[in-house]
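For reference, the structure is listed below as structure tokens.
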Amino acid sequence: MRSILVVANQTLGGEALLQRMREAVWFEPCRFHVLVPASAVPHQLAWNEGEALAYAEERLAEALTRFDEEGFDVTGEVGDASPFLAISDAMRHDDYDEVMLSTLPLGVSRWLKMDLPARVRRRHAVPVTHVIGAEATQLA
């Protein structure tokens, strides 16, 4: 069974990511581990670490419920505020066959501005699938 690390925050629960996960299980059985970096809370100029953590935990819980309803074999966790460090931590704790990285489009994505897909490819010896999605303001 393939093991896929799904990394998302603002696009978590969006249709693009959901469709890519459906495609993955269509080809072969997969288990997903969803990682939500506890980064800045969107649409807030001032935020603190506790707010970011609470926001990430809420998004993760909603996403796990939705993915479970889809029938996916899924677990999840909230990670470091830095998506690169969060991914590196997860990769140290488990073996993954793929990293599925979901970002906002070029121009608005902070993760793309930091060249996250390429940095993850260089650092870890697994394929990185980059999914571009819209902000999923509500996961239902």
(Q) Yes or no: the range 50-69 includes at least one residue that is touching a helix residue (DSSP H, G or I) at 6+ places or on another chain (Cβ under 6 Å) and surrounded by fewer than 17 Cβ atoms within 10 Å (Cβ to Cβ). (A) no
Q) How about the range 74-115: which of its residues are touching a residue at least 40 places away in the same chain (Cβ under 8 Å), among the aliphatic types (A, V, I, L, M) and in a loop (DSSP other than H, G, I, E, B)? A) Ala81, Leu104
Q: Return yes or no: is Ala140 at pLDDT below 95, aliphatic (A, V, I, L, M), closer than 13 Å to Asn9 by Cβ and not in a helix (DSSP H, G or I)?
A: no
Q.
I'd like the residue in the range 11-35 that is part of a strand (DSSP E or B) and in contact with a Leu (Cβ under 9 Å, 6 or more places away or on another chain) and, out of all such residues, is surrounded by the fewest Cβ atoms within 10 Å (Cβ to Cβ).
A. His33
**Q.** Breaking point among (1) surrounded by fewer than 17 Cβ atoms within 10 Å (Cβ to Cβ); (2) in contact with a strand residue (DSSP E or B) (Cβ under 8 Å, 6 or more places away or on another chain); (3) under 22 Å from Ala134 (Cβ atoms); (4) β-branched (Val, Ile, Thr), for Val108
**A.** (2)
Q | Test: Met91 is modelled with pLDDT of 95 or more and surrounded by 21 or more Cβ atoms within 10 Å (Cβ to Cβ) | A | no
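The values are calculated or read from the model by the stated rules, or taken from the named source; none is laboratory data. These numbers come from a predicted model, not from an experiment. Reconstructed Cβ throughout: ideal geometry from the backbone, glycine too, with neighbour counts over all protein chains shown.
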